[in-house]
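Engineer: Okay, handing you the structure first.
The values are calculated or read from the model by the stated rules, or taken from the named source; none is laboratory data. All values reported here derive from a predicted model rather than from experimental measurement. Cβ placement follows ideal geometry from the backbone for every residue including glycine, while neighbour counts extend to all protein chains displayed.
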There are 2 protein chains.
Amino acid sequence: MQTYPDCIPCLLQQALKATGLCGINESRVFPVMKRILRCMANFDPDLSPPEMAMYIHRIIRGECGNPDPYSGMKHQAIAAALGHESRIRQMIMASETPFRTAVRFALVGNVLDFAIFDWNPQRLEEQLELALHQPLDETALTRLEKEVESATKIMVLGDNAGESVFDKLLIEQLGGKQVTYAVRGNPTINDVTMADAVASGLNKTAKLLGNGSDAPGTLLERVSREFRCEFDSTDLVIAKGQGNYESLSNSGRRIFFLTQVKCPVIARDLRKRIGDWVIAESKATVNSQCGA
Amino acid sequence: MQTYPDCIPCLLQQALKATGLCGINESRVFPVMKRILRCMANFDPDLSPPEMAMYIHRIIRGECGNPDPYSGMKHQAIAAALGHESRIRQMIMASETPFRTAVRFALVGNVLDFAIFDWNPQRLEEQLELALHQPLDETALTRLEKEVESATKIMVLGDNAGESVFDKLLIEQLGGKQVTYAVRGNPTINDVTMADAVASGLNKTAKLLGNGSDAPGTLLERVSREFRCEFDSTDLVIAKGQGNYESLSNSGRRIFFLTQVKCPVIARDLRKRIGDWVIAESKATVNSQCGA
């Protein structure tokens, strides 16, 4: 998905919030924002919002001198999610359709997005209450279920730390397939990294693979060759969250996106409303580039 | 008042909205926003938000090729205000304290700010309902009343077109003083210009004076010499709206500001809440520069 003019003030609002969260000295905030303005002024809007966000958060991390300034918030979110893990696993296993229930909880987890929301355990509780009742495209869910059944190799693209715990519960319901859980190659915002995936207990459930990039999404021009080959050769890709949708919706590969709709641009693109939970399918239009 | 980092995304959001209101072709919006980003990246934050807004709206007017793109909305707002004029004048004259009631309606008029709000006659109606009941600093109002009584020459700095009709009703209650109503020297957003003041009927009530500038505020470094001399030599200045507050709060001249609080930066600066109606006084710290 390209970057829309509406993304400009929104990304700047997120950047401003990030300067506060990352503890950048008040006297430095304006100069940092000016660097970000300059960077955005030179941006190619044909690229996706996560690419612009990648540059913005590089500037912020550089300024605060901390390679992972959201680390503390990520630990809080992971701890909170782990606190719910056992109860949710029981609910999933006790349900008549464990896979479908696990998808619903994986969508709950997508609320843990600190680019857009503040860290608020209450919000997670509210979303957990919604899990079994929130409207969802049951036909798309059935298609996803069938794809899972017929796949041998499945790749799940993680989004946020904490959400990763809910992704683990989904992976447990993928019927013993060969699953790779892909994480960001380096920290960006509160996106899940290798360390966060391990802290979430995912190393016991899936093969973990960093994508080699610090974009809050999956930019195929910037991922490692190893990631790209696995992405191209896997039978099924399940991509979590808006950042992955924004960066992969036009990738040419068939992908199932699981995301909450959190901004008007995505809402318009998906013809949904803010707050909706979405299972969106992109169609395959190109063949694998692995080995090219 | 300086420009704060919080102003950056807000001004960009306003700019984005303005590209739509001014009918800039969708394909041109991103390039225009990039020009604005570049301009903001070079901005000196010690200057006030109306100075930055001035540059932004010059770019937008230049792009849409219309020197007064808000003209239609301004006419609508003036017509709506004129539709209420006679009823409000009767309410003011029938009240026990006509001057104080007129101040309240002048504060109602400040809702007609299309940099922040959309044009919505319903919003004006709602504000008119509030006029007599909205909390207001009665002590500050008493001080203003006394200043009016002791002044010979009074200058009212207008803010928005439409609001100007309410300003006229206030000027009618200034006890026959020698009143100058200052307007923007050239169109910017929906700020009141000479033509708008005439359309509001102000030419029959006050001497009209353009300030020589196209800033949505009063930038003393940019106003005409004629304006500056009158500003410096008048006994009392009553300044309407946020833009005049932002540009004059540190001017060194004693001023009474009448404004609604519409943004968190101003709310913090004034220690008020968004939606509050404010009579704020700045203290005199320097002498007149007229004739310097």
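Engineer: Quick one: A:Arg38 ticks every box in (1) modelled with pLDDT under 95; (2) assigned to a helix (DSSP H, G or I) bar one, so which box is it?
Structural biologist: (1)
Engineer: Shifting gears a bit: Of all the residues that make up segment B:1-10, how many are surrounded by fewer than 18 Cβ atoms within 10 Å (Cβ to Cβ) and facing another protein chain (nearest Cβ under 7 Å)?
Structural biologist: Qualifying residue count for the region: 1.
Engineer: Here is a follow-up. Just checking, which of B:Arg35, B:Arg28, B:Arg89 is touching a helix residue (DSSP H, G or I) at 6+ places or on another chain (Cβ under 9 Å), closer than 30 Å to B:Ile171 by Cβ and not aromatic (Phe, Trp, Tyr)?
Structural biologist: Going through B:Arg35, B:Arg28, B:Arg89 in turn, the sole match is B:Arg89.
Engineer: Condition first: over 23 Å from A:Ser27 (Cβ atoms), surrounded by 24 or more Cβ atoms within 10 Å (Cβ to Cβ) and more than 8 Å from every other protein chain (Cβ to nearest Cβ). Now tell me which residues in segment B:26-49 satisfy that.
Structural biologist: Correct list: B:Ile36 only.
Engineer: May I ask you to list the residues in segment A:132-156 that are in a loop (DSSP other than H, G, I, E, B) and either touching a strand residue (DSSP E or B) at 6+ places or on another chain (Cβ under 8 Å) or surrounded by 19 or more Cβ atoms within 10 Å (Cβ to Cβ) (or both)? Walk me through it before giving the result.
Structural biologist: Quick first cut of segment A:132-156, residues in a loop (DSSP other than H, G, I, E, B) only: A:132-137, A:151-152.
A:Gln134, A:Pro135, A:Leu136, A:Asp137, A:Ala151, A:Thr152 - these are the residues of segment A:132-156 that are in a loop (DSSP other than H, G, I, E, B) and either touching a strand residue (DSSP E or B) at 6+ places or on another chain (Cβ under 8 Å) or surrounded by 19 or more Cβ atoms within 10 Å (Cβ to Cβ) (or both).
Engineer: Sticking with this one: Would you mind telling me which numbered condition in (1) at the interface with chain B (Cβ under 10 Å from one of its Cβ atoms); (2) buried (at least 21 other Cβ atoms within 10 Å of the Cβ); (3) basic (Lys, Arg) A:Arg61 fails?
Structural biologist: It is condition (1) that A:Arg61 fails.
Engineer: Return the total of residues in segment B:59-76 being within 18 Å of the chain's Cα centre (by Cα) and either in a helix (DSSP H, G or I) or of a type in the set (A, V, I, L, M, F, W, C) (or both).
Structural biologist: Residues in segment B:59-76 being within 18 Å of the chain's Cα centre (by Cα) and either in a helix (DSSP H, G or I) or of a type in the set (A, V, I, L, M, F, W, C) (or both): 5 in total.
Engineer: Answer with yes or no whether B:Ala102 is modelled with pLDDT of 95 or more, in contact with an Asp or Glu (Cβ under 8 Å, 6 or more places away or on another chain) and among the hydrophobic types (A, V, I, L, M, F, W, C).
Structural biologist: Taking the combined requirement at face value, the residue satisfies it.
Engineer: Please find, among A:Ala131, A:Ala151, the residue that is hydrophobic (A, V, I, L, M, F, W, C) and in contact with an Asp or Glu (Cβ under 6 Å, 6 or more places away or on another chain).
Structural biologist: A:Ala151
Engineer: Run B:Ala18 past the list (1) assigned to a helix (DSSP H, G or I); (2) in contact with a Pro (Cβ under 7 Å, 6 or more places away or on another chain) and report the number of the one that doesn't hold.
Structural biologist: Of everything listed in (1) assigned to a helix (DSSP H, G or I); (2) in contact with a Pro (Cβ under 7 Å, 6 or more places away or on another chain), B:Ala18 misses just condition (2).
Engineer: Next question. Of all residues being part of a loop (DSSP other than H, G, I, E, B) and touching a strand residue (DSSP E or B) at 6+ places or on another chain (Cβ under 7 Å) in segment A:187-198, which is farthest from A:Cys229 (Cα to Cα)? Just the residue, please.
Structural biologist: Filtering segment A:187-198 for residues that are part of a loop (DSSP other than H, G, I, E, B) and touching a strand residue (DSSP E or B) at 6+ places or on another chain (Cβ under 7 Å), the one farthest from A:Cys229 (Cα to Cα) comes out as A:Asn190.
Engineer: Which is in a helix (DSSP H, G or I) and under 17 Å from the mean Cα position of the chain (by Cα), of B:Ala106, B:Ala115, B:Ala79?
Structural biologist: That would be B:Ala106, the only listed residue that is in a helix (DSSP H, G or I) and under 17 Å from the mean Cα position of the chain (by Cα).
Engineer: Conditions: (1) facing chain A (nearest Cβ under 8 Å); (2) at positive phi. B:Gln13 meets all but one. Number of the miss?
Structural biologist: Just one mismatch for B:Gln13, condition (2).
Engineer: Considering B:Tyr70, B:Tyr55, which residue is of a type in the set (Phe, Trp, Tyr), out of contact with any strand residue (DSSP E or B) (no Cβ under 9 Å at 6 or more places or on another chain) and under 29 Å from B:Leu248 (Cα atoms)?
Structural biologist: Among B:Tyr70, B:Tyr55, only B:Tyr55 is of a type in the set (Phe, Trp, Tyr), out of contact with any strand residue (DSSP E or B) (no Cβ under 9 Å at 6 or more places or on another chain) and under 29 Å from B:Leu248 (Cα atoms).
Engineer: So B:Gly252 ticks every box in (1) under 16 Å from B:Pro50 (Cβ atoms); (2) modelled with pLDDT under 95 but one. Which box is left unticked?
Structural biologist: Among (1) under 16 Å from B:Pro50 (Cβ atoms); (2) modelled with pLDDT under 95, the lone unmet condition for B:Gly252 is (1).
Engineer: If you scan segment A:86-97, which residues turn out to be assigned to a helix (DSSP H, G or I) and surrounded by fewer than 17 Cβ atoms within 10 Å (Cβ to Cβ)?
Structural biologist: A:Ser86, A:Arg87, A:Gln90, A:Met93, A:Ala94
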